Amino acid sequence: MSSIFACIDSDGLCFAVTTYEKEVTPDETMVAIAETDYSIIGKVWSGSVWQSAPVNAEIAAREWRDIELSNSDFIVPLTDYPNYSAWISYRSALRAWPSTSDFPDTKPVLGS
């Protein structure tokens, strides 16, 4: 008989689903589940139900910022790109944003 477990971290966040071919006694990092269900990865075990993990605003803001920078990397060497100086200022504001009092509430805006 196999055993299926959700592997959780100290905050109850599921980071993996594991199947053991033999019966296993779970420890505090394991939650027994009835079937293999990868949809619970990234969810939090409350002790009785799986819940969506809370969104960390600072992490989400940094991820958005990193995507904005990555998507505009190609502009840097193109000095004749339309609104080049506005883009360079925007990228500078994006890099500085986490150290400002506006972080993470007010995103930098191109052209402001």
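The values are calculated or read from the model by the stated rules, or taken from the named source; none is laboratory data. Because the structure is predicted, anything quoted here is derived from the model rather than measured. Every residue, glycine among them, receives a Cβ derived from its backbone with ideal geometry; neighbour counts consider all protein chains shown.
Things to note:
- Residue that is farthest from SER99 (Cα to Cα), among those in segment 49-80 that are part of a loop (DSSP other than H, G, I, E, B) and β-branched (Val, Ile, Thr): VAL49
- Tabulated pairs, segment 64-76, first assigned by TED's automatic domain parsing to the domain that holds ARG91 and free of Cβ contacts under 8 Å to residues at least 60 places away in the same chain, second surrounded by 14 or more Cβ atoms within 10 Å (Cβ to Cβ) and of a type in the set (A, V, I, L, M), C-beta under 8 angstrom, 6+ apart or interchain: ARG65/LEU94; GLU68/LEU94; LEU69/LEU94; ILE75/ILE88; VAL76/ILE88
- SER3 meets each of the listed conditions (1) surrounded by 11 or more Cβ atoms within 10 Å (Cβ to Cβ); (2) under 30 Å from PHE103 (Cα atoms); (3) polar (S, T, N, Q) apart from (2).
- Condition check for CYS7: touching a Lys or Arg at 6+ places or on another chain (Cβ under 6 Å) and in a strand (DSSP E or B): no
- Some residue of segment 95-102 being of a type outside the set (A, V, I, L, M), assigned to a loop (DSSP other than H, G, I, E, B) and within 21 Å of the chain's Cα centre (by Cα): yes
- Matching residues, segment 24-48, being assigned to a loop (DSSP other than H, G, I, E, B) and either within 30 Å of LYS107 (Cα to Cα) or touching a residue at least 40 places away in the same chain (Cβ under 8 Å) (or both): ILE41, GLY42
- Answer from ILE75, ILE40, ILE59, ILE88 - the residue that is out of contact with any helix residue (DSSP H, G or I) (no Cβ under 9 Å at 6 or more places or on another chain) and surrounded by 11 or more Cβ atoms within 10 Å (Cβ to Cβ): ILE40
- Residue ID - nearest to LEU94 (Cα to Cα), chosen from residues in segment 1-46 that are within 23 Å of the chain's Cα centre (by Cα) and small (Gly, Ala, Ser): GLY42
- Residue that is nearest to ALA60 (Cα to Cα) [pool: residues in segment 93-104 that are loosely packed, with under 14 Cβ neighbours inside 10 Å and touching a residue at least 12 places away in the same chain (Cβ under 8 Å)]: PRO98
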